[in-house]
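Novice: Before I ask anything, let me first share the structure, which is written out below as structure tokens.
The values are calculated or read from the model by the stated rules, or taken from the named source; none is laboratory data. All of these numbers come straight from a predicted model, not from anything done at the bench. Note: areas computed on protein heavy atoms with side chains; ligands, DNA, RNA excluded. Shrake-Rupley method; radii C 1.70, N 1.55, O 1.52, S 1.80 Å.
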Amino acid sequence: WASPALPGAVHDVRAAREHGIIDALAETGINCWADKAYQGAGSTVRVPYRGRWENLSERQQAVNRSHARIRALVEQAVAALKSWRLLRRLRCSPARTTGLVQAALCLHLASSD
């Protein structure tokens, strides 16, 4: 799923709230693993523990490692989108950008198992 495009200055948490993603996750009780920027987004949005690695307890380090493994799947999808260089020099309206990103994701899903 790719949300409609917003101006580049919009923070990820604000975009997720505007598109109703955080409310939808809370209503359905679905957990979501996000990066530290989503701190305080809601009870179903899981973020890693903050702080320097050496200051975290063994349990917190283990949770952060597990969190990173789950998020790696998302990061691979974003890297695939960036490798197509689709968005680097795009000079069209955000409405068209949304369609291009959705098409690229469909092609990516069709080409992968």
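Novice: Quick check: residue separation of R59 and E27 times 0.36 nm, minus the Cα distance between them. What number comes out in nm? Walk me through the numbers before you get to the answer.
Specialist: On the way: separation 32, 0.36 × 32 = 11.52 nm, distance 2.91 nm.
Here the answer is 8.6 nm.
Novice: If you don't mind, another one. Can you list residues from other chains, or at least 5 along the same chain, whose modelled amide H is less than 5 Å from the amide H of C32?
Specialist: V45, R46
Novice: Oh, and also: Based on the alpha-carbon gyration tensor of segment 16-81 and its eigenvalue square roots a ≥ b ≥ c, which shape applies: rounded if a/c is under 1.5, prolate if not and a/b is larger than b/c, or oblate? Could the numbers behind the result be given before it?
Specialist: On the way: a/c = 2.19, a/b = 1.40, b/c = 1.57.
Because a/c hits 1.5 or more and a/b fails to exceed b/c, segment 16-81 counts as oblate.
Novice: What part of the accessible area of the chain, given as a whole %, is carbon or sulfur when the probe is 1.4 angstrom?
Specialist: On the way: 4570 of 8340 Å².
Exposed carbon and sulfur together represent 55 percent of the surface.
Novice: Related question: Given a cut-off of under 8 Å on Cα pairs at least six residues apart, what relative contact order in percent is computed for the chain? Write down the numbers at each step before the final one.
Specialist: On the way: 73 pairs, mean separation 31.0, N = 113.
The value is 27 percent.
Novice: If you average the alpha carbon positions of segment 84-101 and of segment 1-70, how far apart do those two centres end up, in angstrom?
Specialist: 25 Å
Novice: Using a 10 angstrom cutoff on alpha carbons, build the Gaussian network for the chain and name the most mobile of L90, L81, L100.
Specialist: L90
Novice: Next up: So between R91 and V74, what do we pick up on full extension, going 0.36 nm a residue minus the alpha carbon distance?
Specialist: Values: separation 17, 0.36 × 17 = 6.12 nm, distance 2.58 nm.
This chain segment gains 3.5 nm when fully extended.
Novice: Pick from V47, V78, V13 the residue whose mean-square fluctuation is largest in a GNM of the chain, springs joining Cα atoms under 10 Å.
Specialist: V78
Novice: I've got another one for you. Could you calculate the contour length gain from K82 to A9, that is, 0.36 nm times the residue separation minus the distance between their Cα atoms, to one decimal place in nm?
Specialist: Details: separation 73, 0.36 × 73 = 26.28 nm, distance 1.88 nm.
Contour length minus the Cα-Cα distance gives 24.4 nm.
Novice: Something else now. Heavy-atom accessible area per residue, the chain, 1.4 Å probe: how many Å²?
Specialist: With all protein chains present, the chain gives 74 Å² per residue.
Novice: Would you calculate, for the chain, the mean residue ellipticity at 222 nm contributed by helices, counting each DSSP H stretch of 4 or more residues as -39,500 (n - 2.57) and dividing by all residues, to the nearest 500? Kindly include the intermediate steps, with their values, before the conclusion.
Specialist: On the way: 4 runs with 59 residues, N = 113.
Taken over the chain, the calculation gives -17000 deg cm²/dmol.
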